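In what follows, a structure is listed as structure tokens, so that the remarks can point back to it.
The numbers here are math on the coordinates, done by the rules we state, and not lab data. Please read all numbers here as calculations on a predicted model, not as lab measurements. Counting neighbours? That spans all protein chains shown, and the Cβs are built from the backbone with ideal geometry, glycine included.
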Amino acid sequence: MIERLQAKRNQEGFTLIELLIVIIVLGILAAIVVFAVASTKHDSVAASCKTDVKSIELSAEAVNTHAGSYATGPINSLNATNLISNGTNGALLKAWPSTSNYILQYTVTSGNVAVNVFPKTATEGAAGAVTGAASTGVGSAGCDALS
């Protein structure tokens, strides 16, 4: 009997419990890594959106300083020439920010500039209006709602 117990103890390998514990620990670590990567991607999209909104707002202020009034809106990527080009003073925006994650629309209401952020499921019209989805907000605050 003692010889069989000593022979069992000398066998090489892992028990089923040891293997299950290792698999569970690896699963927990994988879940933590996936969550961290997903939140980092969301944060980078929101930061990129905020930068794009700020560049549009600065361009609108430059038009106002030069011409004495804001460019008329709504303006999106299809009709952005009056924010991109400023006659002899050169380009205010090198190009309208284009991304696959959201659509930006510039509007002026009562002398206030607003940049609306729309999910990419919306549709841009040549006249400047964005249709097909509700805005996620005005300006860079709407960028936080992007997924």
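Go through 12-23, 115-126, 56-67 and give me the packing order, highest mean Cβ count within 10 Å leading. Don't skip to the answer; put the middle values down first.
Working: 12-23: 9.0, 115-126: 17.7, 56-67: 16.2.
Highest mean packing first, the order is 115-126, 56-67, 12-23.
Compute, for the range 21-145, the length of the dipole vector about the Cα centre, with Cβ point charges of +1 (Lys, Arg) and -1 (Asp, Glu) only. Units Debye, rounded to 20. Please list the in-between numbers first.
Working: 5 positive and 6 negative charges, 31 e Å.
Its charge dipole is roughly 140 debye.
Using +1 at the Cβ of each Lys and Arg and -1 at the Cβ of each Asp and Glu in the range 21-145, identify which of Ser110, Gly125, Asn64 lies farthest towards the dipole's positive end.
Gly125
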